[in-house]
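Notes follow the structure.
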Amino acid sequence: MKRGLFISIEGPDGSGKSTQIRLLKEFLDESGLEAILTREPGGTVISEKIRQLILDKQHTEMDPMTEALLYAASRAQHVAEVIKPAIKTGKTVICDRFVDSSIAYQGYGRQLGDAVRIINEYAVAGCMPDITFLLKVEPSIGKERIKEEEQDRLEKEKLDFHNAVFQGYLDLERIYKDRIIGIDAAKDIDAISNEIILHIRKILNADNLE
Ligand code: TYD
């Protein structure tokens, strides 16, 4: 059996990921591809519990390395329990955030640097997305799109933190240019969706998943 495609969607908070994920899922459904939608941190019972721990607004004392390890722990479980089995059985996986989020938020935002990439090499155990869409929006604009009372612990961080995260994403886009497709999130919803679908069609037509 041919393995499924692994797609991740990335971007700063407020970049419009959720809308694009919904539209991509609709496209895959219409194309008759069995696709599952999942998210990080989360996606399994254990990972959702870790998610609550990380995003709790009251946990202001959380050490950056604790945070990075918890994201990685949540990811390890998610990969083992959901992503790997799904891909193996030919399903397409759309993941709302994956390892690039850790590198951008913990590596750049929390300034943990390359340690984050190394920790996550263990967490993903060789399972990396085939393609990643990075929705690019200036942090000052992205932050405005989320209501103050709805912001979680990470979203509540200062603009400096979000600027560093954004810089991380831009660096990743440059380093992994074959995998990461950067898209200007200021464009209108349909234009962005069409761009994403075009890339997916190309990969599916190339038909070279092993
Ligand atoms: P979520 O509510 O899923 O936000 P969004 O809708 O923007 O994806 O919360 C996830 C938060 O966790 C978000 O602020 C980004 C952050 N995050 C990290 O810092 N590191 C990670 O590895 C992941 C997956 C998320």
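The values are calculated or read from the model by the stated rules, or taken from the named source; none is laboratory data. Just so you know, these numbers come straight off a predicted model, no measurement behind them. Quick reminder, even Gly has a Cβ in these numbers, built from the backbone with ideal geometry, and neighbours come from all protein chains shown.
Residues in the stretch 72-91 that are more than 16 Å from the ligand (Cβ to nearest atom) and touching a strand residue (DSSP E or B) at 6+ places or on another chain (Cβ under 6 Å): ALA86, ILE87, LYS91.
Looking only at residues in the stretch 95-140 that are modelled with pLDDT of 95 or more, assigned to a helix (DSSP H, G or I) and more than 13 Å from the ligand (Cβ to nearest atom), the one that is farthest from SER15 (Cα to Cα) is TYR122. Which residues, counting only those in the stretch 187-210, are over 16 Å from LEU24 (Cα atoms) and exposed (fewer than 14 other Cβ atoms within 10 Å of the Cβ)? Matches in the stretch 187-210: ASN205, ALA206, ASP207, ASN208, GLU210.
Only a single item in (1) crowded, with 16+ Cβ neighbours inside 10 Å; (2) more than 13 Å from the ligand (Cβ to nearest atom); (3) at pLDDT below 95 is not met by HIS162, and it is number (2). Here ARG51 passes the criteria (1) touching a helix residue (DSSP H, G or I) at 6+ places or on another chain (Cβ under 6 Å); (2) within 11 Å of the ligand (Cβ to nearest atom) except the one numbered (1).
Only a single item in (1) charged (D, E, K, R); (2) under 25 Å from VAL79 (Cβ atoms); (3) buried (at least 18 other Cβ atoms within 10 Å of the Cβ) is not met by LYS143, and it is number (2).
Only one of GLY182, GLY168 is of a type in the set (Gly, Ala, Ser), out of contact with any Leu (no Cβ under 7 Å at 6 or more places or on another chain) and either buried (at least 16 other Cβ atoms within 10 Å of the Cβ) or within 16 Å of ARG110 (Cα to Cα) (or both); which? Working first, answer last.
On the way: GLY182 fails: out of contact with any Leu (no Cβ under 7 Å at 6 or more places or on another chain).
Answer to the check: GLY168.
For the stretch 141-162, the tally of residues that are closer than 26 Å to ALA191 by Cβ and not in a loop (DSSP other than H, G, I, E, B) stands at 5.
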